[in-house]
Number of protein chains: 2
Amino acid sequence: MASRYTIGLDYGTNSVRALIARVADGEEIATSVCEYRHGDHGVIGDPNDPNLARQHPQDYLDGTEHAIRNAIATARKRDEFEVDSVVGIGVDTTGSTPLPVDRGGAPLAFSEEFAGNAAALAWLWKDHTAVAEAEEITAAARESHPEYLKKYGGAYSSEWYWSKILHCARQEPVVSRAAYTWLEIAEWIPAQLCGTTYPDHIKRSICAAGHKAMFHPDWGGYPDPFFLGALHPDLARVRRTLPTTCHSVRQLAGHLSPSWARRTELSVGIPVTVGALDAHLGGVGAGIRPGVMVKTIGTSTCDVLVRPAGEPVPEIPGLCGIVPDSIVPGTTGLEAGQSAVGDVFNWFVNYMKPGGDQLGSHSVLTNRAAELTPGSSGLLALDWLNGNRSILVDPRLTGMIIGLNLHTRPEEIYRALIEATAFGARVIMERMLEYRIPVEEIVTCGGIANKNPLLMQIYADVLNRPLKVSRSEQTAALGSAIAAAVAAGPQAGGRQDFSSAIEAMTGTQKREYHPSPGHVETYDRLYHLYKAAHDAFGGVTPNADFSRTMKALAEIRTQTRTSNRPQNRE
Amino acid sequence: MASRYTIGLDYGTNSVRALIARVADGEEIATSVCEYRHGDHGVIGDPNDPNLARQHPQDYLDGTEHAIRNAIATARKRDEFEVDSVVGIGVDTTGSTPLPVDRGGAPLAFSEEFAGNAAALAWLWKDHTAVAEAEEITAAARESHPEYLKKYGGAYSSEWYWSKILHCARQEPVVSRAAYTWLEIAEWIPAQLCGTTYPDHIKRSICAAGHKAMFHPDWGGYPDPFFLGALHPDLARVRRTLPTTCHSVRQLAGHLSPSWARRTELSVGIPVTVGALDAHLGGVGAGIRPGVMVKTIGTSTCDVLVRPAGEPVPEIPGLCGIVPDSIVPGTTGLEAGQSAVGDVFNWFVNYMKPGGDQLGSHSVLTNRAAELTPGSSGLLALDWLNGNRSILVDPRLTGMIIGLNLHTRPEEIYRALIEATAFGARVIMERMLEYRIPVEEIVTCGGIANKNPLLMQIYADVLNRPLKVSRSEQTAALGSAIAAAVAAGPQAGGRQDFSSAIEAMTGTQKREYHPSPGHVETYDRLYHLYKAAHDAFGGVTPNADFSRTMKALAEIRTQTRTSNRPQNRE
């Protein structure tokens, strides 16, 4: 029998990727990326409000067509490939990225009335306009439904579904009233591919709903309409449009519509899975299983783990969501994350533009930072330039740098920023371990995991753990393709279940990063200084003693420089 | 009678300036600057040790000759000027900048044996290699002579005389043993001009000794030889070379030697005053009198005040020295300072080189920073990139920036750094007021006071005081010329005393900076956040609550942006 393939569609912050993977072994025979056309690389901002980040839904549709067609064109260069050997489509997206639609399911952004109104666009995951509303929802839940918060680490985020809808209701009532309901793009896009337009017919994603919209079986699904209505009547109205059941990627959103089959050249009627969030399907593409933590390290970082179904998972303060079936159907998904990682380095390079025009690239800064030893700069940073997701769940926190002197160089700050994100990663891991979630193996993926050995080595040193790297560089798209293979099922040349699909279709690279003992010790000392600042500025400890912090950094710096001096002078 | 003139020689960090001033009214008829030739603009560093900063004494001599000859050449363009109408020379220098000399008075740096040995050079004021020794001296004094510390704000600095000599004794014993004594360059240079070489004949400066070398009449002059000997035998040996009396700028170092008269074209035998520190004679050139605080704002800032002789001055924690006759003979001098101000901005421009090659100049950053409103960046910085002189007296403290986000721009950081130095200035002023030292008027001088209206306005807003600017842009050199006029005396066409000389020869500019009420209030809120961080990281308060700091900055930012929005949208 000829090889079978599936397509994974991965809708990122700036572009959509189509990946064609072989069901037999996960080989990625073709991939194509189409950048969104609107805004700044797909992100529509507001110069007066740095918190605003939106996307135009037309970009998703146009990008889908181009990415799939280009991927097919590439795949066709292989003799073995034929378009009708593609047996399914899986979809992952950013999230929470909710989109307001009218009663017929059309995005308000497509209507003439709301053209140019940013509230009618998709509210991108990193939109932070709803900070006040997130606090309001958190306060209301603390009062009447504390159980809602326990699954979300104790605070509801400004990045999530209900915060954004409430902000729209308050600030843009005309858009809010015109919205029949709000769909996550993980729900809207697969429905589009299947020709499902009427909102009540669109399957909601357990991954998006569970991790972002307070959906949980413990309280019968989405939150209590009275709870929502007390926040704003529009929320109660949206609540009434939501179903009692959500769906995992094990379920089908439907089958490819004739019109999308024409647009893409794919076969009519092949299965399209329900969508899920990119980092969750990235976990699948990186080979997640109980005991393995998958870290997707990119502009932000998402950490996912799964626990076997039936095993009780404690409520862990600061985790972003503990949701059955959200990552691998049949297991319980746990998610944590850092709201800015690559974005922190991008800020330094793109906003600070340090070092004049010669020095200011990631590669030059990385090369120079790699020549430094841990602790030698005397710097310590807090990585909260986009707030803190885990474990503080507080978008109002900001970045900090301690230890500057008149000789501090850009590469020293660059390295301190990398180290700060590594310390942030360690806080998350330690929180997991504290609650007895085993972390036996760490598999990394994402752009940075593949491109930045310096960062990877620093992470291994700071976490004091070996780090593996996923074989696939497009784990989210591969995870979607795996979901599509399971959706197609063995009869159509797909897969029986997730565990066999993951085992066959994923793997890790030969190259691993191992902690270097000398670095581990220095980073341990720096981590304790980081943790003290983390707890004090993050509001965990109301009384902090910083009288020795700067001197401790200076001592580490002196010791590092002294212990390295003999080598330098040889 | 034809006009009489004096020359003020001002030895700065990078160059020496010669200023020819008219005794009648202080008019500056000629000035010339000669940059030092060694090292990086006169500063000899060590790539392996950012704390090291030395100078070659030959630069002082060569610079003197060139600067005086060029100034005379300029002055000669005026018909009224004749070289023999120059009736005296005054000298001010950086300090503490001690120089090791042999028994004959020759700098060790001039000997073949020590050529290339950095320890044999002059140890520039900002050399911070002696941090450990400063702590050792502080600890020893706390134990056996607490009175020594009370005049120095409770801690002896790494920048000062005995710390540097002790560091040399420990780290470079051969140089230390070869040094018969150590002279401040404020002592060595005037002696050179007078042909005085033998060290025991060189008059020591009360200004340098009193503010930097623990000299005070309360304990009979320099510190107890047993105290010094317990630290290191070499210190006791140097102590034996020191006189019981030091001299103010009211006294003569001597008269211009024939050889220097030939080198400079000046008349043989004109009086040369004892030298003093630049910021102190800068106070004189800016018109200091009781009630006036003179702030010299340059790479660092020095604040000087005088109190009438006989008035008891309390011991003020954190002040760098309270010394009779040190600024204006006949009054008590008080000195405080910030160890980096312009150097902080220079660090940002020269080390960070932000904004690529287009944005990274002081002028572009200043223009952009001027468009921002107080509090709008959400940033708060600690200005300790070169440690903290007043009021914490701790060179191990470092700089800090809080409130970074993914949209923080270079000009926002630049402004936050300016604001941080303004908050540091306010801490000093408030400490003065707390101890009932009246500050009725503030006169500023120095390069930054004359060149940076943005900084001046921010200082006026943060201090909530009007700021005057000295009429002279070379107050230190003018102060030296004033001292020379007093030294020459009325018979030679000079001046009777300092108060009449200061009144006749100094003044302020028409332009003054007045606090703007809206800014004062915002800066008041930011100052309290600064002071909390200052006290916590500076070791004043061992228990600090930072749980609200980042949110408070975000609130100020939001309020500032909201209150400015209507204007922007009109």
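The values are calculated or read from the model by the stated rules, or taken from the named source; none is laboratory data. Since the structure is predicted, the reported quantities are computational estimates derived from the model, not experimental observations. Please note: Cβ atoms are built from the backbone with ideal geometry, for glycine as well, and neighbour counts cover all protein chains shown. Note: accessible area is taken over every heavy atom of the protein model, side chains too, but ligands, DNA and RNA are not part of it. Shrake-Rupley method; radii C 1.70, N 1.55, O 1.52, S 1.80 Å.
Within the stretch B:467-542, list the chymotrypsin sites (Phe, Trp or Tyr not before Pro) lying in a DSSP loop whose Cβ has at most 10 other Cβ atoms in a 10 Å radius. Those that pass, being in a loop and sparsely packed, number zero. Our coupling estimate for the stretch B:285-298, obtained by passing each phi through the Karplus curve with A = 6.51, B = -1.76, C = 1.60 and θ = phi - 60°, is x, 8, x, 5, 7, x, x, 9, 9, 9, 10, 8, 10, x Hz, Gly and Pro reported as x.
Largest to smallest in accessible area, the residues B:C445, A:C34 fall in the order A:C34, B:C445 (1.4 Å probe, all protein chains included).
Nonpolar atom fraction for the stretch B:429-471, defined as the carbon and sulfur part of the 1.4 Å probe accessible area, stands at 46 percent. In the stretch B:446-542, Rg over Rh equals 1.19, where Rg is the alpha-carbon radius of gyration and Rh the Kirkwood radius from pairwise Cα distances. With the whole protein complex present, A:S499 retains an accessible surface near 80 Å², based on a 1.4 Å probe. Buried surface between chains A and B: roughly 4800 Å² of accessible area, summed over both sides, computed with a 1.4 Å probe on protein heavy atoms only. Electrostatic bookkeeping for A:G318 treats Lys and Arg as +1 and Asp and Glu as -1; over the other residues with beta carbon under 13 Å from its beta carbon, the sum is -3. Taking a sphere under 13 Å around the Cβ of A:K164 and counting the other residues whose Cβ falls inside, with K and R at +1 and D and E at -1, yields a net charge of -3.
For the stretch A:1-153, the equivalent ellipsoid derived from the alpha-carbon gyration tensor has semi-axes of 36, 21, 13 Å in decreasing order. Solvent-accessible area of the stretch A:222-270 (1.4 angstrom probe, protein heavy atoms only): carbon and sulfur portion equals 58 percent.
Ignoring everything but the protein chains, give the 1.4 Å probe accessible area of A:E136 in square angstrom, nearest 10. For A:E136, the solvent-accessible surface is approximately 70 Å². Solvent exposure of the stretch A:384-472 amounts to 26 Å² per residue of accessible area, where only protein heavy atoms count and the probe is 1.4 Å.
Other residues with beta-carbon under 10 Å from the beta-carbon of B:Y11 carry, at +1 per Lys or Arg and -1 per Asp or Glu, a net charge of -3.
For B:A106, inter-copy separations between label points set 7 Å beyond Cα along the Cβ vector come to 9.7 nm, shortest first.
Within the accessible surface of the stretch B:1-71, defined with a 1.4 Å probe on protein heavy atoms only, the carbon and sulfur portion equals 43 percent.
The solvent-accessible area of B:E172, taken with every protein chain present and a 1.4 Å probe, is close to 70 Å².
Segment B:S516..B:A230, full-extension length gain: 97.5 nm, with 0.36 nm per residue of separation and the alpha-carbon distance subtracted. Could you tell me which of rounded, prolate or oblate describes the stretch A:239-284, using a ≥ b ≥ c as the square roots of the eigenvalues of the alpha-carbon gyration tensor, with rounded for a/c under 1.5 and, failing that, prolate when a/b is larger than b/c and oblate otherwise? Verdict is oblate for the stretch A:239-284. Across identical copies of the chain, A:D25 has label-point separations of 9.5 nm, listed in ascending order, with the point defined 7 angstrom from Cα along Cα→Cβ. DSSP beta bridges fully contained in the protein assembly as shown are about 75 percent antiparallel. In terms of accessible area, using a 1.4 Å probe and ignoring ligands and nucleic acids, A:Y222, A:Y180 rank largest first as A:Y180, A:Y222. Across the copies of the chain, A:R76 has label points (7 Å from Cα along Cα→Cβ) spaced 8.9 nm apart, shortest distance listed first.
Calculated on the alpha-carbon coordinates, the convex hull of chain B measures out at 154 cubic angstrom per residue.
The calculated FRET efficiency for the pair A:D497 and A:S3, based on their C-beta separation and a Förster distance of 22 Å, comes to about 0.65.
Residues in the stretch B:10-24 carry Karplus couplings, in order, of 10, 9, x, 6, 10, 6, 10, 10, 10, 10, 9, 10, 7, 5, 4 Hz; the curve used is 6.51 cos²θ - 1.76 cosθ + 1.60 with θ = phi - 60°, and Gly or Pro positions show x.
Under the classification rounded if a/c is under 1.5, otherwise prolate if a/b is larger than b/c and oblate if not, where does the stretch B:333-423 fall, given a ≥ b ≥ c as square roots of the Cα gyration tensor eigenvalues? Prolate shape, in that a/c is at least 1.5 and a/b is the bigger ratio. Considering all projection directions equally, how large on average is the shadow of the alpha-carbon convex hull of the protein assembly as shown, in square nanometres? Spelled out: convex hull of the Cα atoms, projected over all directions, averaged, 47.9 nm². Spin-label pair A:Q58-A:R240: with each label point 7 Å from Cα along the Cα-Cβ axis, the two points sit 3.3 nm from one another.
For the stretch B:98-249, the fraction of alpha-carbon pairs lying more than 19 Å apart is 49 percent, rounded to a whole number.
Within chain B, the longest segment free of exposed loop sites, counting trypsin sites (Lys or Arg not before Pro) that fall outside DSSP classes H, G, I, E and B and have at most 11 other Cβ atoms within 10 Å, spans B:78-435.
What is the stretch A:223-350 by shape, rounded, prolate or oblate, if you read a ≥ b ≥ c off the alpha carbon gyration tensor as root eigenvalues and call it rounded for a/c under 1.5, prolate for a/b larger than b/c, and oblate otherwise? Rounded. Of the listed residues A:H514, A:H201, A:H38, A:H232, the order by accessible area with a 1.4 Å probe, largest first, is A:H201, A:H514, A:H38, A:H232.
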